[in-house]
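Chemist: A single structure is presented below for examination.
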Amino acid sequence: MIDLSVNIISPVTPTYPTLFRRYTLIPDPNVLSKATLIIAPEYSLHDTNPVLRDELCGQWVSVDDNRYVLTLFVNVGNDEYEVARNRYNNFLELLPDYVDSLINADKEFFEANPHLIPAHVSMRFISGHGQFNKTVYFCKVKDYLLI
């Protein structure tokens, strides 16, 4: 698991809301095992060059009555194929730790909203290269949540 500092920005609280609860997990560029998670009504993407960002972002999406998907995304980029492939592979390697950290950092939210524990987690890779530009179901929240 990543050593994570968490910042929840009002009007978001540790237990509310589900919709418009946006996550930005920002890795420390100097220490691979450290990151900051910001839980807020908006993403926190203004601090770095958008082409070089390694953030994991996410939000809850309602798919029908009281059923949600935690939709995460990363920017693989539109760089040369080799650069994009390396970024994609790097994200694939880091993704289990990122997801684990994000879900467990928001444990109080899941305790207050147990109907979200069986929710799917989808992963959106954004890239100008077709083979890296895709959405996959990655896991379920319950696969990572430590209760």
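The values are calculated or read from the model by the stated rules, or taken from the named source; none is laboratory data. Quick caveat, the model's predicted, so the values are computed rather than measured. All Cβ positions, even for glycine, are placed from backbone atoms using ideal geometry, and neighbour counts span all protein chains on display.
Chemist: Residue 140 is checked against (1) surrounded by 13 or more Cβ atoms within 10 Å (Cβ to Cβ); (2) closer than 22 Å to residue 13 by Cα and fails just one. What number does that condition carry?
Modeler: Of (1) surrounded by 13 or more Cβ atoms within 10 Å (Cβ to Cβ); (2) closer than 22 Å to residue 13 by Cα, only one is false for residue 140: (2).
Chemist: Still on this structure, please answer the following. Counting only residues that are in a loop (DSSP other than H, G, I, E, B) and not hydrophobic (A, V, I, L, M, F, W, C), which one in region 109-147 is modelled with the lowest pLDDT?
Modeler: That would be 128.
Chemist: Let me ask something else about it. Quick check on region 56-66. Is at least one of its residues closer than 20 Å to residue 121 by Cβ, touching a helix residue (DSSP H, G or I) at 6+ places or on another chain (Cβ under 7 Å) and surrounded by fewer than 14 Cβ atoms within 10 Å (Cβ to Cβ)?
Modeler: yes
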